[in-house]
1. What's the number of the condition I176 fails, among (1) at pLDDT below 95; (2) open to solvent by 50 Å² or more (accessible area, probe 1.4 Å); (3) part of a helix (DSSP H, G or I); (4) not aromatic (F, W, Y)?
2. Can you name the residue in region 92-110 that is in contact (Cβ under 8 Å) with a residue 24 or more places away in the chain and part of a helix (DSSP H, G or I) and is also farthest from L124 (Cα to Cα) among such residues?
3. Mind checking which residues of region 144-160 are within 21 Å of G93 (Cα to Cα) and either among the β-branched types (V, I, T) or open to solvent by 50 Å² or more (accessible area, probe 1.4 Å) (or both)?
4. Taking the criterion of being open to solvent by 100 Å² or more (accessible area, probe 1.4 Å) and over 30 Å from A198 (Cβ atoms), would at least one residue in region 46-64 satisfy it?
5. Looking at region 127-137 only, could you name the residues that are under 13 Å from Q99 (Cβ atoms) and not aromatic (F, W, Y)?
6. Specify the residue that is farthest from G93 (Cα to Cα); the eligible residues are those in region 111-143 that are hydroxyl-bearing (S, T, Y) and touching a residue at least 24 places away in the same chain (Cβ under 8 Å).
7. Regarding E127, is this residue more than 30 Å from A55 (Cα to Cα), open to solvent by 70 Å² or more (accessible area, probe 1.4 Å) and not in a loop (DSSP other than H, G, I, E, B)?
8. Taking L138 and the conditions (1) open to solvent by less than 80 Å² (accessible area, probe 1.4 Å); (2) of a type outside the set (G, A, S); (3) in a loop (DSSP other than H, G, I, E, B); (4) more than 23 Å from E80 (Cβ to Cβ), which numbered condition does it fall short on, given that it satisfies the others?
Amino acid sequence: MNIVQQNKSVFMGNSFFGKQDMDIKERIAMKKQLHQKEALHVVGVTNKSEKKLDANVEEMRNNIRKLQDENKSANAFYQEYQQKIAQAKEDYGVSDDSQEQKDLELLMKQFDIRTHGKSSRGELTEEEEKYLENMGELTEYQQVAMEAYKQADNYKTTIEKNNLNMIAEAATIRMIGQERLKTHAMVDAKKVEEEIMAAASDEAIGMMVDDAKEKLDEKAEELQEAADKRQEKEEEQEEQIEAAKENKAEVEAVVENAQENAENLTEQAVNGENVMEDVDAQVKKIMEEQKLLEEEMKGLLVSAKV
């Protein structure tokens, strides 16, 4: 099995993750929890802000309804006092073009300017101011009418103030609605949440990949070291085998040499035996010839004596 196959087997078999695999899972779970907290915080803050905004809007709407109720009541009283002025005019028989009525309208103009700093009838002229200073005591009709006018003015002021407040509240509600249409706070918060969780998933995958790469690299390094050791051992074994082969060759050479020596010795021995036989035969022949020579000599000597 080569290193690549071993790495694949080790990775697929999960033989070297074990406790370390649990560690990476714990780290990923912890990272995911942090991202979830971040996402929930974003949504929570946005939701809290939206709820607070909803509460404010509802409060403004309630305030508008309250102001509307106040205006309804104030308008009723205003109309009542206006009716009292008209009734006093009728009761006292005052006509529209009478000096008494004109003096009443001048008194109302003076009251508006002193109370509100302005009047629908315009500003007082110098002549009007001097006339009012020298007018003297008010008639009974003028007193009743002015008292009713002042009371009506209180309710009129309340209505105008409430109207301004309602306009402001309605404008704020409309502005909030327009801004919500532009921002889509909760939608954007949900998108942010999805992006955070997607980033968490990508980061978790990256962590797993990095961890797996690191472990595979470590395992590959271990396997490479083991392979190097095996190769070194194999090389040592090959050297030993080569040495043994060389020793065997030397032994075989010695044995072969010994065999050749033995064969030479045997051959020499065989040849030596043959030589000895030849020598013996020659000696024997020589002895026989010598014997015959002696006998012949003896015969010759005998013949000589005869």
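1. Answer for I176: the failing condition is (2).
2. E100
3. Within region 144-160, V144, E147 meet the criteria.
4. Within region 46-64, one or more residues are open to solvent by 100 Å² or more (accessible area, probe 1.4 Å) and over 30 Å from A198 (Cβ atoms).
5. M135, G136
6. The residue in question is T115.
7. So E127 fits the description; yes.
8. (4) is the only condition that L138 fails.
The values are calculated or read from the model by the stated rules, or taken from the named source; none is laboratory data. The structure presented is a predicted model; accordingly, all values stated were derived computationally and were not measured. Don't worry about glycine lacking a Cβ; one is built from the backbone with ideal geometry, like all the others, and counts go over all protein chains shown. Keep in mind that these areas ignore ligands, DNA and RNA; they rest on the heavy atoms of the full protein, side chains included. Shrake-Rupley method; radii C 1.70, N 1.55, O 1.52, S 1.80 Å.
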